[in-house]
Amino acid sequence: MTDQQVTIEALAITVAAKIPALLWGPPGSGKTATVTAIGKAMGVSVETVIASIREPSDFSGLPFIVDNQVHFAPPKWAHRLFESKKGILFLDEISTAAPAVQAALLRVVFERVVGDLVLPEQISVIAAANPPNQAADGWDLSGPLANRFCHFNWNVTAQSFAEGLVAGWKEPSIPNLPSNWQNEHLTFTKGLVSGFINARPNLASLPPSDPARAGKAWPSPRTWDMASRLLAAANSIDSSDEVKDVLVQSAVGQGPGLEFLSWVAEMDLPNPEEILNDPTNFLLPSRPDRAYAILASVAAAVASDPTPLRWKAGWQVLAKAGDSAPDIAAMAARILARCRPPGAIPPSEVKAFIPLLKQAGLLAP
């Protein structure tokens, strides 16, 4: 695949996973056409809003008073999206939006709230921006707004343009994520991220001091969560390693993303479902960061579907870690204690963690 094809597939996954995406590229490079093509491939409308010519009230809503209470009326474009139930909100020229407008966009981008109107969950958000040195009266994107997006560099090669001009532009393919993709894959990727952050705590939140870098992708609890979701979505459809690499880096930045991906490749961690299916044969790795990642993913897997049988298997796994890695096992024990299924009888393996659970106030009768 070419770099552009990788970017389009990665962008399509963010749309399918309903995670906001931002395309960075020079004017006239086809960003708007690509978003329009994605909407056509999805069979949904694209509502284009030029952020640079809008006022803050176009996103935060116009105030009006009813019965001595202040309400905030959303604009017409937001009503159209609400009525359509699903679609794409395309925020164009976002890097030329004034700082006050960028502030008003915060809830729109991540929470899909416009004025007092909450847009349906099936609305995806895509934005496009020109680099500040190529934008008309452009600003650096504010850190809080930038941290709500996955950032993709949009590069068009002369060859791909020449071929598309003659042969036509290939319509993007939008992946159909399995309905259970989060239950099947998200617990594993969250375990990966949890293990990595435990090993590299300095990368949990690293806001850049330079305004230009703060306006792009950087690591925070929010973007690490986005990275885990994107990686889970990519795993559910067996995307290539190239696409997964781009997705992770789009969320947390190139440096932290590459470090995480290298760590994951080195860990070679088992699937937590396989461990829960056969807990008696589980062997805890001696390497602390690998052990943490495995136990975190096992505990998260149980919490996502806490049946009595899975809950018991989770405690059986933790019991094998209690003696050799008590601190790591304690983290997972707290998670299991919080997700005890109704009527489940604590297995004998819980006894080793009773003092810890009493101290944390998690020991149920």
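For Ala135, state whether it is modelled with pLDDT under 85 and not β-branched (Val, Ile, Thr). So Ala135 fits the description; yes. Within segment 104-121, if we keep just the residues that are in contact with a Lys or Arg (Cβ under 8 Å, 6 or more places away or on another chain) and within 18 Å of Met42 (Cβ to Cβ), the residue that is surrounded by the fewest Cβ atoms within 10 Å (Cβ to Cβ) turns out to be Glu121. When every residue of segment 302-309 is checked against the conditions, at least one turns out to be modelled with pLDDT under 85 and closer than 19 Å to Thr189 by Cβ. Looking at segment 270-290 only, could you name the residues that are surrounded by 14 or more Cβ atoms within 10 Å (Cβ to Cβ) and outside any helix (DSSP H, G or I)? Result: Pro270, Asn271, Phe282, Leu284, Pro285. Total residues in segment 275-294 satisfying the condition of being under 21 Å from Leu231 (Cα atoms) and modelled with pLDDT of 90 or more: the figure is 1. If the condition is being over 19 Å from Pro131 (Cβ atoms) and of a type in the set (S, T, N, Q), then segment 1-55 contributes Thr2, Gln5, Thr14, Thr36, Ser45, Thr48.
Counting just the residues of segment 64-103 that are out of contact with any Pro (no Cβ under 9 Å at 6 or more places or on another chain) and in a loop (DSSP other than H, G, I, E, B), which one comes out least open to solvent (accessible area, probe 1.4 Å)? The extreme case among them is Ala97.
Going by the conditions given, is Ala293 in contact with a Ser or Thr (Cβ under 9 Å, 6 or more places away or on another chain), buried (at least 18 other Cβ atoms within 10 Å of the Cβ) and part of a helix (DSSP H, G or I)? It is true that Ala293 is in contact with a Ser or Thr (Cβ under 9 Å, 6 or more places away or on another chain), buried (at least 18 other Cβ atoms within 10 Å of the Cβ) and part of a helix (DSSP H, G or I).
Close Cβ contacts (under 8 Å, 6 or more residues apart or on different chains) running from residues in segment 277-294 that are hydrophobic (A, V, I, L, M, F, W, C) to residues that are open to solvent by 70 Å² or more (accessible area, probe 1.4 Å) comprise Phe282/Lys320; Leu283/Lys320; Leu284/Lys320; Leu284/Ser324; Ala293/Asn198. Answer with yes or no whether Leu336 is surrounded by fewer than 16 Cβ atoms within 10 Å (Cβ to Cβ), at pLDDT 85 or above and in a helix (DSSP H, G or I). When the stated conditions are applied, Leu336 does not pass them.
For segment 297-305, the criterion of being assigned to a helix (DSSP H, G or I), out of contact with any Phe, Trp or Tyr (no Cβ under 9 Å at 6 or more places or on another chain) and surrounded by 23 or more Cβ atoms within 10 Å (Cβ to Cβ) is met by at least one residue. Condition first: modelled with pLDDT under 90, part of a loop (DSSP other than H, G, I, E, B) and open to solvent by less than 10 Å² (accessible area, probe 1.4 Å). Can you find one or more residues in segment 141-153 that meet it? Checking segment 141-153: at least one residue is modelled with pLDDT under 90, part of a loop (DSSP other than H, G, I, E, B) and open to solvent by less than 10 Å² (accessible area, probe 1.4 Å).
Going through (1) among the hydrophobic types (A, V, I, L, M, F, W, C); (2) closer than 23 Å to Asn183 by Cβ; (3) at pLDDT 90 or above; (4) in contact with a Phe, Trp or Tyr (Cβ under 7 Å, 6 or more places away or on another chain) one by one, Trp263 falls short only on (2).
The values are calculated or read from the model by the stated rules, or taken from the named source; none is laboratory data. Predicted model, so just to flag it, every value in this text is computed and none were measured. Counting neighbours? That spans all protein chains shown, and the Cβs are built from the backbone with ideal geometry, glycine included. Side chains included, ligands, DNA and RNA excluded: accessible areas come from the protein's heavy atoms. Shrake-Rupley method; radii C 1.70, N 1.55, O 1.52, S 1.80 Å.
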